[in-house]
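The structure appears right after this line, and notes come after that.
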Ligand SMILES: C[S@@+](CC[C@H](N)C(=O)[O-])C[C@H]1O[C@@H](n2cnc3c(N)ncnc32)[C@H](O)[C@@H]1O
């Protein structure tokens, strides 16, 4: 966070409060609809295909744990949902998903003392402040177990996200897919990467 000016930190704090208000009002309930399901299913597919059996999964910027709810409870050993919005994490906890932990933390400085088989940035990496994008990516690549899998989903093009991810020499691209929908301008790009 030291790479952020006082004014950036203030804006970041305001954004967090905005997310909290929006979750409280139900603005993100639409993430449960069928169109959005297409991208969650792509992430589930990549994890089933490329991760080790019964992986531990860390979902960064997990919101209400919608992704967690898409998995069969026998397909992972533990699912960790992390979001800086307390209201979203409260909603995630209310779901009482099996073998799951949901906690409030900020991706900018969250530094868990665990390693994981899979780490997911599902519509969250583009919210990381530009000055911290490389540092955050490297910190979480460092939290992957040997042969661990990183999965990233980004709406449309996501300014300077893929450039930073693709330039990182600690990971190797395994798969990449454009998830299109019935709406012309609504699509996501989803990438799967193996740690070297
Ligand atoms: C578009 S929502 C996606 C939610 C979830 N990944 C999904 O697809 O269901 C983006 C999420 O990122 C979270 N977020 C944004 N910046 C964050 C940060 N610095 N630390 C933790 N969470 C953050 C927001 O609170 C929000 O829940």
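The values are calculated or read from the model by the stated rules, or taken from the named source; none is laboratory data. Since the structure is predicted, the reported quantities are computational estimates derived from the model, not experimental observations. Positions of Cβ are generated from backbone atoms using ideal geometry, with glycine treated the same way; all protein chains shown enter the neighbour counts.
Key figures for this structure:
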read-out	value
Residue, modelled with the lowest pLDDT, within segment 136-166, restricted to residues that are touching a helix residue (DSSP H, G or I) at 6+ places or on another chain (Cβ under 9 Å), surrounded by fewer than 15 Cβ atoms within 10 Å (Cβ to Cβ) and in a loop (DSSP other than H, G, I, E, B)	159
Unique residue being touching a strand residue (DSSP E or B) at 6+ places or on another chain (Cβ under 8 Å) and assigned to a helix (DSSP H, G or I) when the list is 74, 81, 68	68
Close pairs from segment 1-24: first more than 21 Å from residue 88 (Cβ to Cβ), partner more than 10 Å from the ligand (Cβ to nearest atom), Cβ under 6 Å, at least 6 apart	3/131
Only one of 107, 119, 89 that is within 16 Å of the ligand (Cβ to nearest atom), farther than 25 Å from residue 171 by Cα and surrounded by 20 or more Cβ atoms within 10 Å (Cβ to Cβ)	89
Condition met for residue 17 (modelled with pLDDT of 95 or more and either out of contact with any helix residue (DSSP H, G or I) (no Cβ under 7 Å at 6 or more places or on another chain) or within 13 Å of the ligand (Cβ to nearest atom) (or both))	yes
Some residue of segment 30-45 being free of Cβ contacts under 8 Å to residues at least 12 places away in the same chain, within 11 Å of the ligand (Cβ to nearest atom) and over 26 Å from residue 174 (Cα atoms)	yes
Boolean, residue 22 is within 9 Å of the ligand (Cβ to nearest atom) and under 23 Å from residue 187 (Cα atoms)	yes
Evaluation of residue 97 against (1) part of a helix (DSSP H, G or I); (2) touching a helix residue (DSSP H, G or I) at 6+ places or on another chain (Cβ under 7 Å) (one fails), failing number	(1)
Any hit, segment 101-120, residues being touching a residue at least 12 places away in the same chain (Cβ under 8 Å) and assigned to a helix (DSSP H, G or I)	no
Residue ID - surrounded by the most Cβ atoms within 10 Å (Cβ to Cβ), chosen from residues in segment 51-73 that are more than 16 Å from the ligand (Cβ to nearest atom) and closer than 18 Å to residue 95 by Cβ	73
Subset of segment 1-50 that is surrounded by 15 or more Cβ atoms within 10 Å (Cβ to Cβ) and not in a helix (DSSP H, G or I) - its residue that is farthest from the chain's Cα centre (by Cα)	4
Flag if residue 133 is out of contact with any strand residue (DSSP E or B) (no Cβ under 9 Å at 6 or more places or on another chain), in a helix (DSSP H, G or I) and either closer than 22 Å to residue 159 by Cβ or more than 8 Å from the ligand (Cβ to nearest atom) (or both)	yes
